[in-house]
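I have placed the structure first, in the form of structure tokens, so that the comments after it can refer back to it.
The values are calculated or read from the model by the stated rules, or taken from the named source; none is laboratory data. Just so we're clear, the structure is a prediction, and the values are computed from it rather than from any experiment. When we count neighbours, we look across all protein chains shown, and the Cβ atoms used for this are built from the backbone with ideal geometry, even at glycine. Calculation scope for accessible area: heavy atoms of the full protein, side chains included, ligands and nucleic acids excluded. Shrake-Rupley method; radii C 1.70, N 1.55, O 1.52, S 1.80 Å.
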Amino acid sequence: MRRLTIVFTTCALLAGCVTGYELVSPATVTVAKNSMRVRPSISWNKAPSGPYDIPQEESWTENGPLLDRLEFIGALPSGQAIAKQRPKDDRKVPVFRADMTPQDLVSMVESYYRIKLDAKIFESTSVKPVTFLGKPGVQFDYNFVSSDEVKRRGRSVFAVVDGKLYLTSLDGAALHYFEAALPEFEAIVASASIP
Amino acid sequence: MTPGRVLAAFGAAVLLLVSACTYTRQLADVGFRPPSGNYRLIVMQPDISVGLLTAGGAVEPNEEWTNRARDNVLKAIVAQQTGRGGETTVAATRAEAGGDPAQVSDLINLHSAVGNSIKLHKYFGLTLPTKKDRFDWSLGDEAVAFGAATHNDYALFLHAEDSFSSGGRVAVQIAGMLSCLAGVCVAPAGGQQLAFASLVDLKTGKVVWYNVLVSEVGDIRTPDGATKMVNTLLDKMKPGKAGATGGGT
Amino acid sequence: MDSSHRRLVLRGLCACALYATARSALARVLPSQLTPLVSPGYKPTDTDERGIWQACDRLEEELAASNLLVRNDALKAYVRAVTGRLLGDTAADLRLYIVRNPEFNASMAPNGMTIVHTGLLARMRNEAQLAAVIGHESGHYLLRHSVRNWRDLKRKSATMAVLAIGGAAATGGTGTDWYDIANAINTAILLSLFSFSREMESEADAYGLKLMAAAHYPPAAAAQVWAQLIDERKASAAARKKQYKDKAMSIVSTHPPTAERMTDLTQSAAELERAAGNGEHFDNRRTEWLAAVAPVRSMLLDEQIKLNDAGASLYLLGSLAQDGWDGTLRYYEGEAYRLRDEPGDGARAADSYSAAIRFSDAPPEAYRAHGYAELKAGRTEEGRRALARYLELEPNAADAAMVHFTLGQ
């Protein structure tokens, strides 16, 4: 999953640097290296990929990632993590495995938030079965506070299909931004398919 | 996201924008008109500080200077807004803002994140295509509720800092600015005034106006200096149009 | 210039920072030589010190409104009582903030703002160890190290430049926790508050011992705190097949003590204990500590274990289990193995969960974990029984719907 990086942001400063956010128009589009097809109904901003991303992810935002983020991870094979990390990192997000239980998957997402997004408080509010990509999946709702003090909410929807992980999540400021984006997120999730 | 890293890069942006003695760049919502008529404005937790720039490049906070600057800047804001018909209250602490303290805290925290987003995506060049010709960030319904509960039409957030070297102000060194590009900032040798302000329309909850000021001249410890800074920062609020308006003097 | 954007990452730097570079040995500071430079009700008069206080007051105002505060009154009262035992009347000048942060850290700013991280509470074995850390921070406070530090720092022209660089590239560096708020207010002040010289750390060590002994805490507990930290870092490094580095600046690290510091702590403690004589009864108040921390033990472990620093997790659990295993510890042991996910860990986790549920204090999550582990191992009946038990214990669990669904499969 995504983090803005200093390398990226300083690059944006320098003249001639071409990477930046791209417009996503409200139309059917494939995401995360064409692993999923979704239909947004409003325009989004697609973040450029950088050294902190895994190949299978894509990230969108409406108002900026400090306020809302929509993440896609598609066709992540067993044995890989949802975040970029080095083997010798002290704290490691558990890798995805195809035989993970719902609780394993939920705790994988929670560890990601605590390790990579600096969540100091993290609370699960709901874990329930849903259909995602036409398959049995999990919808995981949570809230968290990172060290910037902003209360945030999140929803991750995921399924394991042919032994690979497919995940779509929205997180954002609990005040206004998460709720503002939620209907669109739900529509995107409902529209999602594997091409 | 890593807001800290993002913010570090912003430091570079601010310095690079300094191409003249005093530089300001306002952004406003389309259709924004500066507050006028009878209105009530609350200044939220103004963050004003003044320090002494030491030989080592550190800023030594100075209690007396800070207190003087706070007094003068807040007086200048009240006077300026009164001149336009506004009744201004200053909430020095979260408790003084009135309303529900937990809600006020949440609003202030959200405003920080919104302010940083504005800096990132409007000043810093990390443009969001959907916001290219719009200035459009909200604090949401809770801000409207806060306005209703406290009978305020607008909320102003303000940060102003200033530093003076004991030998008088020295020109900003370009070298110091360039090192910021690595995401790391070395304090320029010489004092500098930095201020930013945002105006929230509490009837809609939206941030309707934003301004950054960087200056090498002026002294907010004095009534005149504070008035000048406040006028440069706030008084020249321009009606909004699609995109930013900028100016240097 | 907006100092919030000088990104000095002090994330890994405890208030008890110590520099492990090779330098000439310092003469040991004797606890008996130290006297307080502040008395109860102290207010600063010098210009620079008043500026520092004002900056600390600003920081404290932010901290007091933080969403990351632990507002558990009983726990705060307990920690305050420990501080009171150490400092007597001076404790009335302090305000305690317990902050949700998994890093081992505590600090006492010159204006009396006292911060204790939950990461510190997670690692203490008894009240004396807690007193050792608070005593050390009190040493910085009573000896006005921050002001002295500030006065030293501001003379050094290259300091700000050098220190502003380097840390920025370190790991993590996210958001604006209270270090960063302090950094935003004034980087240099942050340094003077939290980045002390070797001499000052030694003085604080010595003062802490003096306070401990006077309050009848065994001074030997101080060296134990540091030894435990080193062992934890070693366990963490070993699990990742890394070399343990004395001054490794990992996300978790405080700078562990040098051999010199440990020697001084041990020697001074021994002297104090000898001087106390046979009539003295030092008490590490382990029972009181265990009782005070029991209600928050799960929360403290949760935030450690879920970081999946496997070596540190298992070290911490083993360390706490020296007071006896219970359902909570076995459950988190299972979680540590499950998250570590090395070959064989599935079975290890399953064993831990099985052990957990044999204790009467097993948390409901232990039944869930046991249930899923049994299902994974093909022991379906036991697995379903355990999941059903989880739902009985926690009918309104956040994941009740998911567990029902699993049972329905």
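Overview of results
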{"quantity": "Contact surface A-B: accessible area buried, both sides summed, square angstrom, 1.4 angstrom probe", "calculated": "2900 Å²"}
{"quantity": "Cβ-derived FRET efficiency at R0 45 Å, C:Leu26 paired with B:Ser165, nearest 0.05", "calculated": "0.80"}
{"quantity": "Average beta carbon contacts from partner chains per residue of B:127-138, 10 Å cutoff", "calculated": "5"}
{"quantity": "Under-5 Å amide H pairs with B:Leu53, H placed in peptide plane, nonlocal only", "calculated": "B:Glu60, B:Phe164, B:Ser165, B:Ser166"}
{"quantity": "Interface burial for A against C (accessible surface, 1.4 Å probe, total of both chains, Å², rounded to 100)", "calculated": "3500 Å²"}
{"quantity": "Share of carbon and sulfur in the accessible heavy-atom surface of the stretch C:325-406 [1.4 Å probe, %]", "calculated": "48 percent"}
{"quantity": "Most to least packed among C:92-105, A:87-100, B:208-221 [average Cβ atoms within 10 Å]", "calculated": "B:208-221, C:92-105, A:87-100"}
{"quantity": "Computed FRET value (nearest 0.05) for A:Ser191 with B:Asp100, which takes r as the C-beta separation and R₀ as 25 Å", "calculated": "0.05"}
{"quantity": "Phi-based couplings in Hz for the stretch B:36-42 (Karplus 6.51, -1.76, 1.60; Gly and Pro marked x)", "calculated": "7, x, 8, 9, 10, 10, 10"}
{"quantity": "Residue pairs, from the table B:Lys131/B:Lys238; B:Lys122/B:Lys238; C:Lys241/C:Lys376; A:Lys120/C:Lys306, whose Cα atoms sit over 21 Å apart", "calculated": "C:Lys241/C:Lys376"}
{"quantity": "Per-peptide average of other Cβ atoms within 10 Å, ordering B:151-161, A:164-174 highest first", "calculated": "A:164-174, B:151-161"}
{"quantity": "Protein heavy-atom accessible area occluded, B/C pair - total, 1.4 Å probe, Å²", "calculated": "3000 Å²"}
{"quantity": "Accessible area expressed per residue, the stretch C:324-397, with surrounding protein chains retained (probe 1.4 Å, Å²)", "calculated": "46 Å²"}
{"quantity": "Point-to-point label distance, C:Ala92-C:Ile230, nm (Cα→Cβ direction, 7 Å offset)", "calculated": "4.1 nm"}
{"quantity": "Cβ neighbours within 10 Å from other chains - mean over A:77-90", "calculated": "2"}
{"quantity": "3J(HN,Hα) from dihedral phi, the stretch C:65-70, Karplus parametrisation 6.51/-1.76/1.60, rounded to Hz, x for glycine, proline", "calculated": "9, 5, 6, 9, 7, 8"}
{"quantity": "Cβ neighbours within 10 Å from other chains - mean over B:27-35", "calculated": "0"}
{"quantity": "Net length gained if the chain between B:Val30 and B:Lys238 were fully extended (0.36 nm per residue, minus Cα distance)", "calculated": "73.8 nm"}
{"quantity": "Highest-first arrangement of A:19-28, C:48-57, B:85-94, where packing means the average Cβ count within 10 Å", "calculated": "C:48-57, B:85-94, A:19-28"}
{"quantity": "Approximate spin-label separation A:Ala98-C:Asn72, in nm, with each point projected 7 Å along Cα-to-Cβ", "calculated": "4.3 nm"}
{"quantity": "Occluded residues from the stretch A:19-43, i.e. those whose accessible area drops by 50 Å² or more once the chain is not alone (1.4 Å probe)", "calculated": "A:Tyr21"}
{"quantity": "Size descriptor, Kirkwood hydrodynamic radius, that averages inverse alpha-carbon separations across the stretch A:106-162, Å", "calculated": "11.9 Å"}
{"quantity": "Cα principal axis extents for the stretch A:20-191, largest first, Å", "calculated": "39, 39, 33"}
{"quantity": "Binned Cα-Cα distance frequencies in the stretch A:67-121 - 5 Å width, integer %", "calculated": "4, 17, 27, 28, 17, 6, 1"}
{"quantity": "Reduction of at least 50 Å² in accessible surface, 1.4 Å probe, comparing all protein chains with the chain by itself, residues of the stretch B:81-112", "calculated": "B:Arg94, B:Asp106, B:Asn109, B:Leu110"}
{"quantity": "Cα→Cβ-extended label distance, 7 Å offset, between A:Thr125 and C:Asp57, nm", "calculated": "3.8 nm"}
{"quantity": "Theoretical FRET efficiency, 1/(1+(r/R0)^6), r = Cβ-Cβ of C:Ala321 and C:Asn396, R0 22 Å, to 0.05", "calculated": "0.10"}
{"quantity": "Spatial extent of the stretch C:325-406: Rg and Dmax, with the Cα atoms as the point set, Å", "calculated": "11.8, 34"}
